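The values are calculated or read from the model by the stated rules, or taken from the named source; none is laboratory data. Worth saying up front: this structure is predicted, and the values here are computed from it rather than measured. Here the Cβ positions follow ideal geometry from the backbone for every residue, glycine too, while neighbour counts run over all protein chains shown. Protein only, heavy atoms only, side chains kept; ligands, DNA and RNA dropped before computing areas. Shrake-Rupley method; radii C 1.70, N 1.55, O 1.52, S 1.80 Å.
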Amino acid sequence: MAAAIPTLMNPAKDDPFKVKLLLVDDSRENLVALEATLEGLGQELVTATSGIEALRYLLEDDFAAILLDVRMPDMDGFETATMIRSRKRSRSTPILFLTGYKNEEHLFRGYDLGAVDFLFKPIVPEVLQSKVAVFVELSRNSILLQRQAEELKVAEAGMRAVLEAAPEAMIIFDANQTIRSVNSEAERLFVCPRGELIGQSMARLSPEWFATGPAPNGELLCVTKRGTVFPAEVSLKPVETGGEGLVVSVIRDITERKMAQENARRVTMELEQQVADRTRELMIDIAERKRAEQALRESEHSLRIAINAAGLGLWRIDMRNRRMQVSNLSREMFCLDPEAHEVPLDSWENAIHPEDRASAIAELKRCFAEGCDYESEYRISLPDGGARWIFAKGQPFPADEGQPPLVVGIAQDVTHRRLAQEAERHRQKLESLGILAGGIAHDFNNLLCGILGNASLLLEGVAQGSFEEQSLSQLVGAAERAAELTRQMLAYSGRGKFVTTQLRVGDEANEITALLRAAIPRHVQVTFDLAGDEPRISADKSQIQQLLMNLIINAAEAIGPEGGFVEISTRRERREMRTFGFYPAEDLPAGEYLLLEVRDNGHGMSEETRARIFDPFFTTKFTGRGLGLAAVLGIVRGHRGGIIVDSAPGVGTTFRICFPLSVTNAEARRQERRVEAIATDEKAVGKGTILVVDDEDIVRNVARNCLERYGYNVLTADDGQQAMDVFATDPKSVSLVLLDMEMPGMGGAETLKRMRSLRPEVTVIASSGYSEAEAVEHFGHGLAGFLQKPYPVKQLAAKVHSVLAPIQDGAG
């Protein structure tokens, strides 16, 4: 509270509220008399002998009152008053006219100009002193109110800076669960204006509020005004203010945390409206000053409680003296001296990760230089070598005159959110590359189907041992190697050919390691630690063997000439809850898993290398395609599993892969499908009409030439609509349809649906560059068979014969 104003008749020494009085008279004697009369007021007296001199003083200072002689040479008192009233700064300054005679015209003119009184010479000193004392008192009270308003404004700005920096929703309610106050973040979170929220029950925001009762720190389902339901974390803190029990609740939307994509949400608290309302009340009625000051202290107390409940660290920086004040939580976040509440700014700067230090410091300097808000995310280096992500936000804080500028703000640990974002970006990158790889492989397979089909057709008609037979054999071999590369690309995309069966990964590891003995250097020892009761998983044998081969060869190549080991281990694991941190997804659901570990003590990888090992065509070797680990990731993705990689330079590398166990025996039996043996002989020659539907000319021509060679009548269509036109002419005459999965316009699934509407028992073999599992998902069950591109003509003939022969024999 400001000190009492000194009594006018007994002014205090160095009175901070001393005001100025302007005395204007062309007579020096009159000015001396006025000064002698008003000197007892203890205020600063300024004299002027003309209107022009008085106006010059008014350009520089403000005055509590002006005593103005009416009759003066050059510019009289009325002209001077007119000029005074024309200036905004002196428009409301009280003017007392001094005159030696009474004249009604002068009186009317003076009052029209805003005079507050007329004093007639000779002036009674006591009357003059009492009248001027009134205006002095009014001016001093005005100065007091102005200073109090400025102090309140500074306090309000400081609170607003902290409140606006907090990024989470806050609601204050009373013992009856009635909402008393909300901040703007709460309005945004519940999509509801503040006016509709205040006065409502907390049950409107959460139907579980009364059903289960909120814990001091618990989770509830909340509902926005639009009816959107979202999970929220609620933190409650009782507050006693003036005998009324209030509860401060901090509500965080944890939808992204539940989805394992984002865990941390910024907390925002705003009490600006309450402080502004009380400030306005204080400015309107000075008599209520004590009540407003008490309310302000309660608000500050509530704010401190709310900040602590929200888990925000506070900090304040004095850039001129390079000092930083921190709260207990901020000190812990920044890994500063645990005993110090104020530290050199260098301590904070040195705690920032070297890669983020320059940007964080530059943003702070820009805040001080431009007076703008401060916002930055950076890492704090931890003693164990790790890092913690910090989100910091602040605002310039007004300082007293002559004091150094300050910035005050909050800090929040957002490490989990950043990790979730990095995992999500990595997943999206892998998904995009997988789609690209799958599309390229699909188009390659269509081209290879023509190359492999035509080459195998020509190969059947040449003499063994001839030059043509050797050349065509080499062409077929090259096409098959190209097909193997596309299978690796499909494996990376998670859309490879999976022929699943029930198998033990440990058995496959033993088998593939025995085959790789020649490829593994002798200085590398391969050991096994396989579970005795290892469960079977539903998986593709060749894909699992390829995965093991890639991992074991990579591990062996990572070991230097001094020697080392590669250890393969398996064990069953049950995960009771969703687990985070796996690739290609960021989490795995709860359930039973087989854990495969491939560990080596080689040279290990840096963090930069580890972040790119699953990228297609990335390799640290001088030669190689760089698809090994990319294919591993695709195989794991196709089996709905996950990978964790631990590695550091000089420590070695460990790959941990989780495969989900089969759910039911029925599903396991359904997945135990083998690719039938490809055998073509005289029995493959058949009869009937085959409709070949494919948008690629080369694929249609290969299929037609092959099937016609084996005795079939062949019809072709280059898209779904043309296929329907051919099929609708005589549906019963078509013995079998060889149907492509993906075509422009009417795709394979829609074409099959329309054919079945004309003939439900139509026999269809699906053909695609993608896997059989994806074909079944695309077409649905009821296919007579599946043929993956590219295929040699003997495989096509064998597949058609194996499907049609039982039907034709039964009909015969």
(request) Determine how large the accessible area of residue 75 is when every protein chain is in place; take a 1.4 Å probe and give Å² rounded to the nearest 10. (result) 40 Å²
(request) Quote to one decimal, in nm, the extra length available between residue 708 and residue 462 on full extension: 0.36 nm per residue of separation minus the C-alpha distance between them. (result) 86.7 nm
(request) Would you please give the FRET efficiency between residue 75 and residue 345, computed as 1/(1 + (r/R0)^6) with r the Cβ-Cβ distance and R0 = 45 Å, to the nearest 0.05? (result) 0.15
(request) Subtract the Cα-Cα distance of residue 56 and residue 120 from 0.36 nm times their separation in residues, and report this length gain in nm to one decimal. (result) 20.5 nm
(message) Can you compute the modelled spin-label distance between residue 188 and residue 335, with each label point 7 Å from Cα toward Cβ, in nm?
(response) 3.1 nm
(request) Return the sequence-ordered ³J(HN,Hα) values of the range 654-661 in whole Hz as given by the Karplus equation 6.51 cos²θ - 1.76 cosθ + 1.60 applied to θ = phi - 60°, using x for Gly and Pro. (result) 10, 9, 10, 10, 9, 10, x, 7
(request) Using amide H atoms built 1.01 Å from N in the peptide plane, name the residues 5+ places from residue 71, or on other chains, whose amide H lies under 5 Å from its own. (result) 77
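For residue 103 and residue 146, what does the FRET efficiency come to when R0 = 45 Å and r is the distance between their Cβ atoms, rounded to the nearest 0.05?
0.70
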(request) List, in order, the whole-Hz ³J(HN,Hα) value for each residue of the range 742-754 obtained from phi through the Karplus relation with A = 6.51, B = -1.76, C = 1.60 and θ = phi - 60°; use x for Gly and Pro. (result) 10, 9, x, x, 7, x, x, 5, 5, 4, 4, 4, 6
(message) For the pairs 20/88; 258/541; 18/153; 18/121, flag any whose C-alpha to C-alpha distance is greater than 25 Å.
(response) 258/541; 18/121
(request) Quick one: accessible surface of residue 529, probe radius 1.4 Å, all protein chains present, in square angstrom to the nearest 10. (result) 90 Å²
(request) Apply the Karplus parameterisation 6.51 cos²θ - 1.76 cosθ + 1.60, with θ equal to phi minus 60°, to every residue of the range 519-531 and state each ³J(HN,Hα) to the nearest whole Hz, in sequence, with x for glycine and proline. (result) 8, 8, x, 5, 7, 9, 9, 9, 10, 10, 9, 8, 5
(message) Solvent-accessible area of residue 365, probe 1.4 Å, all protein chains present, reported in Å² to the nearest ten, please.
(response) 110 Å²
(request) Using label points projected 7 Å from each Cα along Cα→Cβ, tell me how many nm separate residue 608 and residue 698, to one decimal. (result) 4.1 nm
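What FRET efficiency, computed as 1/(1 + (r/R0)^6) with R0 = 41 Å and r the Cβ-Cβ distance, is obtained for residue 756 and residue 592, rounded to the nearest 0.05? Kindly include the intermediate steps, with their values, before the conclusion.
Details: r = 39 Å, r/R0 = 0.94.
Efficiency, rounded to the nearest 0.05: 0.60.
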(request) Subtracting the Cα-Cα distance from 0.36 nm times the residue separation, let me have the gained length for residue 203 to residue 153 in nm, one decimal. (result) 14.3 nm
